[in-house]
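Here is the structure we will look at.
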């Protein structure tokens, strides 16, 4: 199942910053923060890379596979209701640098 374009648009409207962009890739959307891939929209779900900071901050969130044979990522349910996503994205990028 692919991610609907409307989910991508909803995500971009929620984030509303030029530091974040998405790129359609085989029906899903990779999400870049300051040109670093930090997460994606997979099957209409927001998943972030499981870096140390993200795992600590989101310790109660579920780890799932975005697709077969991938690394597990952190599933962020109801992303439209989260207020601190930009801060989280910055921390994930810092972990990856």
Exercise for review: Provide the gained length on full extension for the span residue 4 to residue 35, in nm with one decimal, where the gain is 0.36 nm per separating residue minus the Cα-Cα distance.
Suggested key: 8.9 nm
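Rounded to the nearest 500 deg cm²/dmol, what is the calculated helix-only ellipticity per residue at 222 nm for the chain, with -39500 (n - 2.57) per DSSP H run of length n ≥ 4?
So the helix-based figure for the chain works out to -8500 deg cm²/dmol.
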Check your understanding: What distance in nm separates the simple spin-label points at residue 21 and residue 96, each placed 7 Å from Cα in the Cβ direction?
Key -> 1.4
Check your understanding: Quick one: what Rg and Dmax do you get for the chain from the alpha carbons, in Å?
Key -> 12.2, 32
Review point. Which value, to two decimals, describes the C-alpha radius of gyration of segment 38-81 once divided by 2.2 N^0.38 Å?
Key: 1.06
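Bear in mind that the values in this text are calculations on the coordinates, not laboratory data. Since the structure is predicted, the reported quantities are computational estimates derived from the model, not experimental observations. Ideal geometry is used to build each Cβ from the backbone, glycine not excepted, and the neighbour counts take in all protein chains shown.
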